[in-house]
């Protein structure tokens, strides 16, 4: 038989516990990672969006998670970051928009600056096109001053 639990919530904590009706988008977070093929460093920018269920994370904690996931490499970046978010706050959905420029191609190509953009959708973002469009619009609004463009909502 389960024991009864008494919940006492202070007004400050109660607002943290009520999930918003909207998604939360933070970014851009600049990170440095290493190319898995050539071992050279490259810079990237990431936007992180999630639909919270109870807990929320601030931009400082998300930045630390992005930097930690970037250490794992470009192919594991998305998986590591979504796993960290699911363990820490268990969101209903996670969206990532990552753009990066590999400098290892730069010395060989004269006028070609390759900017690779990727997006990843987990949870509610996979099924809800409107939610993806809102996320990409928020990324474009914050990334407009940096000159980067987010990937499409395909």
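FYI, it's all coordinate maths here, none of it is from the lab. Since the structure is predicted, the reported quantities are computational estimates derived from the model, not experimental observations. Reconstructed Cβ throughout: ideal geometry from the backbone, glycine too, with neighbour counts over all protein chains shown.
Below are the figures for this structure:
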quantity: Kirkwood estimate for region 19-143, i.e. one over the average of 1/r between Cα atoms, Å; calculated: 15.0 Å
quantity: Cβ-based exposure ranking for 100, 88, 117, in which fewest neighbours within 10 Å come first; calculated: 88, 117, 100
quantity: Distance in nm between pseudo-label sites at residue 83 and residue 43 (7 Å out along the Cβ direction from Cα); calculated: 2.9 nm
